[in-house]
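*Asks:* Can you keep this structure in mind? I'll have questions shortly.
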Amino acid sequence: VGLQINGRTKLAGVVGWPLGHTLSPAMHNAAYDAMRLNWVYLPLPVKDESGLIQLCEAARVLPFVGFNVTMPYKQAMLALCDEVAMLAKLAGAVNTVHCVDGRLIGYNTDGRGFLEALGSETDFVSEGISVAMIGAGGAAGAAIVSLILGKAARITIVNRTLGRAEKLIERLGDRVHGTQVSVALLDEGAADVVRSADLVVNATPVGMSRDDPSPIPSSWLRSGQVVADMVYRPEPTALLLDAAAAGATTVGGMGMLVAQGAVAIDIWNESAQSRTPRDVMRAAAAEMLSGSIATFEELGI
Ligand code: NAP
């Protein structure tokens, strides 16, 4: 079919900085094409928060179905929405905005994307499990909220700084229901917490650079665990190589990236039943990854 822009084309995109390496336009445009949606998804690079505010004003008057929000604006976007879904409030981050009659409605699809990927790539069930969540930022918050909804028994937030992890627990307040949530410092003392967990998650950016080490020592990992890395490039990360060597089941970040994007399309499309083709999105992202990284680096983008 191919992209055909006309007077009725609706807009979508991703706002962030920098966006030179984003896979989202490739993933989304491939899905719109397969779904025969007359939408186009654009990179929307804005350098600072005043640019973000201007983008929000433009999105109110232009025919946007919505836009995704990525680093470093997921937290700032919370305050710029007219309405924010409870899940995004609890996570402390908005990654998807739905534009409805000039109003901006904030959502967070990272948590649902995370659980969908785990469920489709392993025989993982969240009910009753113990989790070691490494990191306490927006992505960790979103995953934790979804794990609480999935009735996990225990979640320990293992972070470099305790304050950020404690703020996340404060925000969750009495919404933790039956899940026991606690914090631990990311140092030698966290070894037992990680080793005893059924699910270990990296929700830090450690691993995004090709020569990054794992965020935790390999001796903390064991067989019988599921180890998930939210980092999707390079794949596999040092953490996942260590986990595989320890006999654990590994899950990379690509499935989450695809699923959070697919759930965003479902929101914009106002479809109760998802028909967003994950396989098409994954293939487009993989093609982009295999074909273009060297070129981006050569160009210095
Ligand atoms: P964020 O809000 O900036 O939070 C980052 C977290 O990582 C913080 O807890 C921070 O600890 C910790 N951290 C940063 N550098 C660290 C280091 N060198 N050592 C130990 N901890 C470190 O970021 P985010 O939005 O949550 O994203 C986190 C990661 O998830 C990113 O790599 C992002 O690409 C990935 N992600 C992937 C997907 C996907 O679809 N696959 C979706 C969302 C996010 P402090 O509190 O101590 O600063």
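Just so it is clear, none of the values below were taken in a lab; they were calculated from the coordinates. Keep in mind that this is a model prediction, so the values were computed, not measured. Positions of Cβ are backbone-derived with ideal geometry, glycine not excepted, and every protein chain shown enters the neighbour counts.
*Asks:* State which entries of 47/89; 47/74; 89/167 exceed 18 angstrom in Cα-Cα distance in the structure shown. Spell out each step's value before the answer.
*Replies:* Working: 47/89 24 Å; 47/74 14 Å; 89/167 13 Å.
Where the Cα-Cα span goes over 18 Å, the pairs concerned are 47/89.
*Asks:* How many angstrom lie between the C-alpha centres of segment 86-103 and segment 1-30?
*Replies:* Between the Cα centre of segment 86-103 and that of segment 1-30, the gap is 19 Å.
*Asks:* Give me the net charge for the shell around residue 107: Cβ to Cβ below 11 angstrom, other residues only, Lys and Arg +1, Asp and Glu -1. Walk me through the numbers before you get to the answer.
*Replies:* Details: positive: 89, 112; negative: 83, 110, 266.
With Lys, Arg at +1 and Asp, Glu at -1, the neighbours total -1.
*Asks:* Test of understanding: ordering 104, 162 by Cβ neighbours within 10 Å, fewest first, what list do you get? Please list the in-between numbers first.
*Replies:* On the way: 104 22, 162 14.
Ascending Cβ contact count within 10 Å gives the list 162, 104.
*Asks:* What does the charge count near residue 152 come to, summing +1 for each Lys or Arg and -1 for each Asp or Glu among other residues with Cβ under 11 Å from its Cβ?
*Replies:* Numbers: positive: 151, 154; negative: 127, 198.
Charge balance near residue 152 sits at 0.
*Asks:* At q = 0.08, 0.09, 0.11, 0.15 Å⁻¹, work out log10 I(q)/I(0) for the chain with the Debye formula, treating every Cα as an identical point scatterer and leaving solvent out; two decimals please.
*Replies:* One equal scatterer on each Cα of the chain leads to -0.34, -0.43, -0.65, -1.21.
*Asks:* Separate question: Per DSSP H run of at least 4 residues, take -39500 (n - 2.57); add these up for the chain, divide by its residues and hand me the 222 nm value, nearest 500 deg cm²/dmol. It would help to have the intermediate numbers written out before the result.
*Replies:* Values: 11 runs with 122 residues, N = 301.
My calculation for the chain gives -12500 deg cm²/dmol from helical runs alone.
*Asks:* Find, among the trypsin sites (Lys or Arg not before Pro) in segment 147-233, those assigned to loop by DSSP (not H, G, I, E, B) with at most 12 other beta-carbon atoms within 10 angstrom.
*Replies:* 210
*Asks:* As a footprinting exposure proxy, order 287, 116 by other Cβ within 10 Å, with the fewest listed first. Numbers along the way, then the final one.
*Replies:* Values: 287 13, 116 21.
By the 10 Å Cβ count, ascending, the order reads 287, 116.
*Asks:* Please find, in a Gaussian network model of the chain (springs between Cα atoms separated by less than 10 Å), the residue of 177, 98, 28 whose mean-square fluctuation is greatest.
*Replies:* Result: 177 has the largest fluctuation of those listed.
*Asks:* Say a paramagnetic label sat at a point 7 Å from the Cα of residue 49, along Cα to Cβ; which residues of segment 75-110 have their backbone N under 14 Å from it?
*Replies:* 75-81
*Asks:* In addition: Any idea what angle helix 49-61 forms with the longest principal axis of the chain, computed on alpha-carbon atoms, 0 to 90 degrees, nearest 10?
*Replies:* 50 degrees
*Asks:* Express in % the proportion of alpha carbon pairs of segment 199-301 at distances exceeding 18 Å.
*Replies:* Details: 2978 of 5253 pairs.
When all Cα pairs of segment 199-301 are counted, 57 percent exceed 18 Å.
*Asks:* Also, I was wondering about something else. Report the full-extension gain for the segment residue 212 to residue 235: residue separation times 0.36 nm, less the Cα-Cα distance, to one decimal in nm.
*Replies:* Values: separation 23, 0.36 × 23 = 8.28 nm, distance 1.21 nm.
Full extension of this stretch gives 7.1 nm more.
*Asks:* Please identify, among 132, 285, 246, the residue showing maximal mean-square fluctuation in a Gaussian network model of the chain using a 10 angstrom Cα cutoff.
*Replies:* Comparing 132, 285, 246 in the GNM, the peak value goes to 246.
*Asks:* Counting Lys +1, Arg +1, Asp -1, Glu -1, what net charge surrounds residue 194 among other residues with beta carbon under 15 Å of its beta carbon?
*Replies:* Working: positive: 154, 160, 195, 222; negative: 187, 188, 192, 198, 229, 242.
After counting each charged neighbour, the total is -2.
*Asks:* Would you kindly compute the Cα radius of gyration of segment 44-176 and its largest Cα-Cα separation (Dmax), both in Å?
*Replies:* 15.8, 46
*Asks:* I want to verify a result. In a Gaussian network model of the chain, Cα cutoff 10 Å, which of these has the top mean-square fluctuation: 174, 187, 279?
*Replies:* Answer for the Gaussian network model of the chain: 174.
*Asks:* Another question, then. Could you give the radius of gyration (one decimal) and Dmax (whole number) of the Cα atoms in segment 1-113, in Å?
*Replies:* 13.6, 40
*Asks:* Quick check: the angle from helix 254-268's long axis to the longest principal axis of the chain, C-alpha only, nearest 10 degrees?
*Replies:* 40 degrees
*Asks:* To test your reading of the geometry: what angle, between 0 and 90 degrees and rounded to tens, separates the Cα axis of helix 24-35 from the longest principal axis of the chain?
*Replies:* Once rounded, the angle reads 60 degrees.
*Asks:* Using 0.36 nm times the number of residues separating residue 222 and residue 5, minus their current alpha carbon distance, what extension gain do you get? Don't skip to the end; give the middle numbers.
*Replies:* Working: separation 217, 0.36 × 217 = 78.12 nm, distance 5.16 nm.
Here the answer is 73.0 nm.
*Asks:* Moving on. May I ask you to evaluate 6.51 cos²θ - 1.76 cosθ + 1.60, the Karplus curve with θ = phi - 60°, for each residue of segment 101-109 and list the ³J(HN,Hα) values in order in whole Hz, giving x for glycine and proline?
*Replies:* Going residue by residue, I get 6, x, 9, 10, 10, x, 9, 10, 9 Hz, with x marking Gly and Pro.
*Asks:* Quick one: what are the phi-derived ³J(HN,Hα) couplings along segment 69-74, Karplus 6.51/-1.76/1.60 with θ = phi - 60°, whole Hz, x for glycine and proline?
*Replies:* Ordered by residue, 3J(HN,Hα) equals 10, 10, 4, x, 10, 4 Hz.
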